[in-house]
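Trainee: Have a look at this one before I ask anything.
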Amino acid sequence: MDSSQATSALTTEESTGYSAIIEQVFTCTNKHLHVLIDRMISSADKKLFDKAEKAKSDEERMRYMDCTRIFRTERNDISLHFFNNLNKSLAFSDSSVATEDEELSLVHNDEMEEMVAITTMYAKAMNVYGEQVNHLEARLEYMELMCQKIFDKESLDPKHICEVFQATIEDLDIGIESKLIFYKLFDEEVCSKLEVMYRAINKIFIDNNIMPEILLKTTKTADVEYIEEEVSSQVASYYDPAKNAARGFIPRANDDVSRIVNEFMSGDMTISGDEIELPASFLRVPTQQDLEGKNCYDRKEVIKALSHLQHKISSLKNNDDVLTTEQIKQEVLNDIGSQNGGVVDKQVNILDERSIDFVGMMFTAITEDTAVSKIMTSLIYQLQIPVIKVAMSDNNLFEKENHPARVTVDLLSQAGKGVNQQEDHLYHELEMIVDHVLDEFEINVEAFEKAVDELEILIQTEEQLANDTELQQQKQVLQEHARNIVITQLKMVSCEKQIPDKVRPLILKHWSTLMLNRYIRHGRSSQQWVQSVLLLKLLLKCLQPIHFQSQLKMIENNHLALLEALNDELFQTQQNQHDISDQITQLRAYFLDLIDSNKLKIVDDDDKALTDEELIDEAGENTEKELDIIKQQTELAKQKISQLTSATKPGAWYEIFNGEDRAVRRLKLSVILTDAAQLIFVNRKGIKVMEKDADVFAKELEENKSRILADHSTFNHALGQVMGALAA
């Protein structure tokens, strides 16, 4: 066998291996989605019935009941059609073949509702497991180079899977309100749970040595370290165990942390060494007298004095002064002395001092937590004394993550994440909840439990209002952006072209709506968009005054096929079909009149008729130029987007640079317009307030002018900071 034959044999063997991997991916995808779809259909009856019982109106209740009936009667068809649509989209393709009256009207409102629902599901999904999706796409891109037959990488994208479900329910005889209920179920039971599937598919590639390690080009190494530090949802490790292995003080899990904190508070453990400045109570070993409470005030007296101080602080409205732990201890002694005729003949027990110092350090850590705004830090700090009292009286504070005092601190920071000023009505609501705790809390944690209930209701109410507003804002942003794209394309195509009055509605309303729809659904680089532009160009060319015989011949040869193509494309949209039929009839009449009135040979100024080939070449050349421009613009936008970190996803909160002379604002990233490389930010109410170019924002992040806000438990983070200090 010569070298060429050997190479050919090796290539065939490798190709067979790659095909086997793709088959594994195909099977894995179907297996995981079968489980999720079956669960969605099986649980739909109960979930929809529960929602119907909680409905606020009879109309809403009937809508849920109708959906329940549809799931019962159509469950087999829904599953069958879903997997038929999915597997059609996963069919192998050859990777070597490239694949307002009379003004622009908007996409049909129902279609836009569906598009926004899909966009929202996709954004939430990418925010949870986007890294796994990005890794998979990188591996599929590699496979496209190595394997001749493979499905498009976007076929496994969560957005495409959502669109498969959209196609599945498209033929069901239900209104948009019911469809949105279906989308909600699909989001809860399928889309939000796809991470396991993506991990399994990536493992198939890793096991077959296909790009086992990936560092995406959109993520800089420095950014990875920063994100891991700032965006962890839980404090998993408070410091590096390797650096502290010799100290015998290495809590690795929450149980370890709880045990160590409680041992420390009870005097069974003391910090040794003087590497870092710590309170004296941390360093002194408790004596037997300390443990027995001799010459020390009883803990009940200390808690009573702390309660007096708590109510004193509550009565001082607009008091932003923060008491240090030493000031708190002194206030406690002063209060106890005042209760005993001014005599202070004992001291605060070292174990009580430890509680005051430990919680004080935690609240200092909260003030240094950049995820909590300065406005909210001052408000949360007012709970310092109540939390000190809880630490003295309830060991569960450091054992149970769902302790109401811990949850109260976390919910306050969560609720206030987007609060930028004290005049915000939400700040006043949060302030009232804190005031209630200060007024009502003594020893029993009921005041904190009540605060948790109030905060959860408040957060749910505010988030629902914000989500509703944000959805409307997203629609407006997408519509406006798409409208600008379509208008720009229309201007390019119709430049120096005449549009007869009879067919203006067809072009400026119906066809523009179709283009708008295709842009939003598929993007400007898609085959669907290009096809809509090509048909528009051909239509405009056929509508122009005839100056030579070849034009007439072109119209005679193409007008029937063009009419049929336009009719078929427009009837696939949800526009008024009667209006479309009227417009097609008008266009047909215009063509027949044009042909009849130009039967004589007409030539240009040089008496030279253009041939069909020249007409086609001219159109093709212009289209190629336009496509090249679009490709260049798309590539430039991709380059700008690539400067952002992988954590830059819709749903993430940021402190946004707002100009040299203005305060930063806390805003949420709502939409990324990828082909325009623009980021749209909304405030906590869901209202669009700012746009940023991707490259500008990337530079602001790099220079730390803007920064991502960590999504972690405020209490856990503070506890971790203190534990890290103790372990240093």
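FYI, it's all coordinate maths here, none of it is from the lab. Bear in mind the structure is a predicted one, so any value in this text is a computation, not a measurement. Note that each Cβ is placed from the backbone with ideal geometry, even for glycine, and that neighbours are counted across all protein chains shown.
Trainee: Could you grab the relative contact order for segment 653-708? Cα pairs under 8 Å, six or more apart, rounded to a whole percent. Spell out each step's value before the answer.
Mentor: Numbers: 88 pairs, mean separation 17.2, N = 56.
Relative contact order here is 31 percent.
Trainee: Note the direction-averaged projected area, equal to a quarter of the hull surface, for the Cα convex hull of segment 653-708, in nm².
Mentor: On the way: hull surface 14.5 nm².
Spelled out: convex hull of the Cα atoms, projected over all directions, averaged, 3.6 nm².
Trainee: Taking 7 Å along the Cα-to-C-beta vector as the label spot, tell me the Ser338-Asn557 distance in nanometres, rounded to one decimal.
Mentor: According to this spin-label approximation, the distance is 10.2 nm.
Trainee: Per-residue counts of other Cβ atoms within 10 Å, averaged by peptide: what ranking do you get for 116-122, 670-676, 636-642, 49-55, highest first? Mind showing how you got there, number by number?
Mentor: Values: 116-122: 21.4, 670-676: 18.7, 636-642: 16.3, 49-55: 12.9.
Sorting 116-122, 670-676, 636-642, 49-55 by mean packing, highest first, produces 116-122, 670-676, 636-642, 49-55.
Trainee: Note down the nm distance, to one decimal, between modelled labels 7 Å out along Cα→Cβ at Asp661 and at Glu456.
Mentor: Result: 4.8 nm between the two label points.
Trainee: For segment 653-708, give the magnitude of the charge dipole about the Cα centre (Cβ charges: +1 Lys/Arg, -1 Asp/Glu; no others), in debye to the nearest 20.
Mentor: That gives a dipole near 480 debye.
Trainee: Among Val671, Gly659, Ile687, whose Cα lies farthest out toward the positive end of the dipole of segment 653-708, if unit charges sit on the beta carbon of Lys, Arg (+1) and Asp, Glu (-1)?
Mentor: Ile687
Trainee: Provide the FRET efficiency to the nearest 0.05 for the Leu172-Asp628 pair, computing r from the beta carbons and using R0 = 56 Å.
Mentor: Values: r = 42 Å, r/R0 = 0.75.
E(calc), rounded to 0.05, equals 0.85.
Trainee: How do 324-333, 354-363 rank on mean C-beta neighbours within 10 Å, highest first? Show your work: numbers first, answer last.
Mentor: On the way: 324-333: 17.1, 354-363: 23.3.
Averaged packing, sorted descending, gives the order 354-363, 324-333.
Trainee: How about segment 394-425: which GluC sites (Glu not before Pro) there are in a DSSP loop, with at most 12 other Cβ atoms within 10 Å of their Cβ? Let's see the in-between values first.
Mentor: Values: sites: Glu399, Glu401, Glu423; in loops: Glu399, Glu401, Glu423.
Filter output for segment 394-425: Glu423.
Trainee: With a Förster radius of 41 Å, plug the Cβ-Cβ distance of Lys184 and Ser597 into 1/(1 + (r/R0)^6) and report the FRET value to the nearest 0.05. Provide the component values of the computation, followed by the final result.
Mentor: On the way: r = 57 Å, r/R0 = 1.40.
With R0 = 41 Å, the Cβ-Cβ based efficiency is 0.10.
Trainee: Round to the nearest 0.05 the FRET efficiency obtained for Glu431 and Glu564 when R0 = 60 Å and r is the Cβ-Cβ distance.
Mentor: Details: r = 67 Å, r/R0 = 1.12.
With R0 = 60 Å, the Cβ-Cβ based efficiency is 0.35.
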